[in-house]
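J.: Let me begin by handing over the structure; questions about it come next.
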Amino acid sequence: MLSTYKIKQDLAKTGYNWFPNYKDILEKVWANMESYFDDDEEVQSALWASFKRYEDKNIGIVFITSKRTFTIETADSDANTQVRYLPIDSYSLQKIQMQLAKSGGLNYVSLQNDSFGNGITFACPNPDVVKHFVETLRGRSNAEIEILPESDEPLLANNEIKQVIDKDLNKAKENKPHKFEEKHEDKAPMKEHDLWRKAPPENIQKEVVIKVVPPKKVKPDKKKITGYASKWKSKLWLLWFLLPIGLIAIVLSIMFLV
């Protein structure tokens, strides 16, 4: 296993100088993670964040090493302090979304595999940690990377949106398009830090699509035609007009045949 000191050294080589001071991650996760690492692997990036698995709130760290990508996590409560290990198949990811905070709030990374409807979103208060993680993961995945406009609205993966409950109305929120006020058509891709060491050469050479997503236009609702004789403007009245004529024609044809 690797010691926390060795993990810290590995991260420092990549220009990673930030440590998990978010919630209780330093005490609950960082201090209890040594046994989950092999002696021969090198840690390349670490995203410490809060997130949800189904309805359970969790905190943890997503590690990218020379061998694998995985999370070490625990429940975001004092009742359950058990630390868990969960692997992530980075090569099966189809989309990676990054949304930085607009006014100093939480920054989001959403990992999605649309083929299976799987998705999970990690929230981190440090934008440098988020950028370092996405840049490192870019060399380990063929997924499309979407850089969303800066916003303070939470970013959720597709399957997570269905789980969001409106407490006031006690019903599921509609899956409405994200609304953004600023225009970001000319926004450049994220800048690389001078101290960052890129992912291994054999992986970073992959052509990964990086797309800056502009704000979506909200389409106006279609107006329904109401009022006097509104039904006559549809084609349904022709059916009721032709039906009796057709029946009369059938009866007359039977009479002539007889």
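J.: Taking only the alpha carbons of the stretch 4-159, what extent do you get along each of the three principal axes, in Å, biggest first?
T.: Each principal axis gives a Cα extent; for the stretch 4-159 these are 37, 36, 32 Å.
J.: So, one more: Could you list, in their original order, any pairs among Lys52/Lys211; Lys23/Lys211; Lys95/Lys211; Lys102/Lys219; Lys8/Lys28; Lys52/Lys219 whose Cα atoms are separated by more than 22 Å? It would help to have the intermediate numbers written out before the result.
T.: Numbers: Lys52/Lys211 26 Å; Lys23/Lys211 32 Å; Lys95/Lys211 11 Å; Lys102/Lys219 25 Å; Lys8/Lys28 17 Å; Lys52/Lys219 31 Å.
Flagged as over cut-off: Lys52/Lys211; Lys23/Lys211; Lys102/Lys219; Lys52/Lys219.
J.: Let me ask another. Leaving ligands and nucleic acids out of the surface, order Trp48, Trp18 by accessible area at 1.4 Å, largest first. Each step should come with its number before you reach the end.
T.: On the way: Trp48 5, Trp18 45 Å².
Output order, biggest surface exposure first: Trp18, Trp48.
J.: Next up: By the gyration tensor of its Cα atoms, with a ≥ b ≥ c the square roots of the eigenvalues, what is the shape of the stretch 88-140: rounded for a/c under 1.5, prolate for a/b over b/c, or oblate?
T.: On the way: a/c = 2.96, a/b = 1.66, b/c = 1.78.
Oblate, since a/c reaches 1.5 and b/c is not below a/b.
J.: Ordering Glu146, Glu153 from largest to smallest accessible area (1.4 angstrom probe), what's the sequence?
T.: Details: Glu146 15, Glu153 105 Å².
Putting Glu146, Glu153 in descending order of accessible area: Glu153, Glu146.
J.: Can you give me the % of accessible surface on the stretch 4-159 that is carbon or sulfur? Probe 1.4 Å, all protein chains present, nothing else counted.
T.: Numbers: 3040 of 6530 Å².
Answer for the stretch 4-159: carbon and sulfur cover 47 percent of the accessible area.
J.: Any idea of Asp56's accessible area? Nearest 10 Å², probe 1.4 Å.
T.: Around 100 Å² of this residue is reachable by solvent.
J.: May I pose another question? Find the accessible area per residue for the stretch 4-159; the probe is 1.4 Å, ligands and nucleic acids are left out, and the unit is Å². Please list the in-between numbers first.
T.: Working: 6530 Å² over 156 residues.
Dividing the accessible area of the stretch 4-159 by its residue count gives 42 Å².
J.: Between Met1 and Lys57, what length comes free when the chain is fully extended (0.36 nm per residue of separation minus the Cα-Cα distance, one decimal in nm)? Working shown, then result.
T.: Values: separation 56, 0.36 × 56 = 20.16 nm, distance 2.81 nm.
Extra length available between Met1 and Lys57 comes to 17.4 nm.
J.: Any idea how far apart Lys67 and Leu86 come out in nm if each label point goes 7 Å out from Cα toward Cβ?
T.: Label-label distance for Lys67 and Leu86, simple model: 2.2 nm.
The values are calculated or read from the model by the stated rules, or taken from the named source; none is laboratory data. In this text, all values refer to a predicted model and were calculated from it rather than measured experimentally. Cβ atoms come from the backbone with ideal geometry, glycine included; neighbour counts cover every protein chain shown. To get the accessible areas, we keep the full protein, side chains included, count just its heavy atoms, and leave off ligands, DNA and RNA. Shrake-Rupley method; radii C 1.70, N 1.55, O 1.52, S 1.80 Å.
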